[in-house]
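The values are calculated or read from the model by the stated rules, or taken from the named source; none is laboratory data. A quick note: this is a predicted structure, and the numbers were derived from the prediction, not measured. Heads up, the Cβs are rebuilt from the backbone with ideal geometry, glycines too, and the neighbour counts pull from every protein chain shown. Keep in mind that these areas ignore ligands, DNA and RNA; they rest on the heavy atoms of the full protein, side chains included. Shrake-Rupley method; radii C 1.70, N 1.55, O 1.52, S 1.80 Å.
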Amino acid sequence: MKRQVIITCAVTGGGDTVGKHPAIPVTPQQIAASALEAAQAGAAIGHLHVRDPQTGKPSTEFDLYREAVE
C-alpha cells in the first residue's frame, strides 16, 4: 500500500532561532524566498513566523506577514 505524505516547512522556526544558524531568514523577502525554496523541494505547506527585520526576534506585525506572503 502506497502511503501519501504531506510535508510542511516552518522556515524560521517559532522561537528565538536566529542565533542558532546563520541561514535563518529574517526579512519578509528572505522568509518568502526560503518558503519558495521549500516548496520547490517538495513542501506542500509553508508555515510562516515573521521576524522583526532589525532584531530578528519573533514578531506579530501584520504588515510583515503581508509582505512575506505577497
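Residue check: H21 meets all listed conditions (1) surrounded by fewer than 10 Cβ atoms within 10 Å (Cβ to Cβ); (2) touching an Asp or Glu at 6+ places or on another chain (Cβ under 7 Å) but one, namely (2). Can you name every residue in the range 24-54 that is open to solvent by 70 Å² or more (accessible area, probe 1.4 Å) and not in a loop (DSSP other than H, G, I, E, B)? Within the range 24-54, Q29, Q30, L36, E37, Q40, I45 qualify. Selection of the range 55-64 for residues being under 18 Å from T17 (Cα atoms) and part of a helix (DSSP H, G or I) yields only L64. A single member of K57, K2 is in contact with a strand residue (DSSP E or B) (Cβ under 9 Å, 6 or more places away or on another chain), of a type outside the set (V, I, T) and open to solvent by 40 Å² or more (accessible area, probe 1.4 Å), and it is K57.
Pairing each residue of the range 1-16 that is touching a residue at least 24 places away in the same chain (Cβ under 8 Å) with any residue that is among the hydroxyl-bearing types (S, T, Y) and surrounded by 15 or more Cβ atoms within 10 Å (Cβ to Cβ), provided the two are 6+ apart or on different chains, yields C-beta distances under 8 Å for V11/S34; T12/S34.
Taking residues in the range 19-47 that are within 23 Å of T60 (Cβ to Cβ), and partners anywhere that are polar (S, T, N, Q) and in a helix (DSSP H, G or I), the pairs with Cβ atoms closer than 9 Å and at least 6 places apart or on different chains are I24/Q30; I24/S34; P25/S34; G46/S34.
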